[in-house]
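The values are calculated or read from the model by the stated rules, or taken from the named source; none is laboratory data. Note that this is a predicted model, so its numbers are computed, not measured. Positions of Cβ are generated from backbone atoms using ideal geometry, with glycine treated the same way; all protein chains shown enter the neighbour counts.
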Amino acid sequence: EALKLGTRIILLRDGLIEQQGNQDNLIFEPKTDYVKEFFGIKGFKATLDEKLMTKAYNRILNGEITMEDFCK
């Protein structure tokens, strides 16, 4: 829900800031393994077509699919 509503997100780990930024920063530029694992993208390396990525991103924002659906 924070990804849909928030413009700035702070991800905490043990009471400390792990990463902060907008949803694009956290999902597409995770700074640590914890952030990658939190969003279920650990080890996710791929080259994605910009049009496909934009379509998937919009569907996630609209609640049509989840990140888990997209990363299968």
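Some observations on this one:
One line per residue, one yes/no per condition, for (1) touching a Lys or Arg at 6+ places or on another chain (Cβ under 6 Å); (2) within 18 Å of Ile9 (Cα to Cα); (3) modelled with pLDDT under 80; (4) not in a helix (DSSP H, G or I):
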site: Ile27; (1), (2), (3), (4): no, yes, no, no
site: Val35; (1), (2), (3), (4): no, yes, no, no
site: Ile41; (1), (2), (3), (4): no, yes, yes, yes
site: Phe44; (1), (2), (3), (4): no, no, yes, yes
site: Thr47; (1), (2), (3), (4): no, no, yes, yes
site: Lys55; (1), (2), (3), (4): no, no, yes, no
site: Glu68; (1), (2), (3), (4): no, no, yes, no
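- Qualifying residue in region 4-20 (condition: surrounded by 13 or more Cβ atoms within 10 Å (Cβ to Cβ), modelled with pLDDT under 85 and either of a type in the set (D, E, K, R) or within 23 Å of Thr54 (Cα to Cα) (or both)): no
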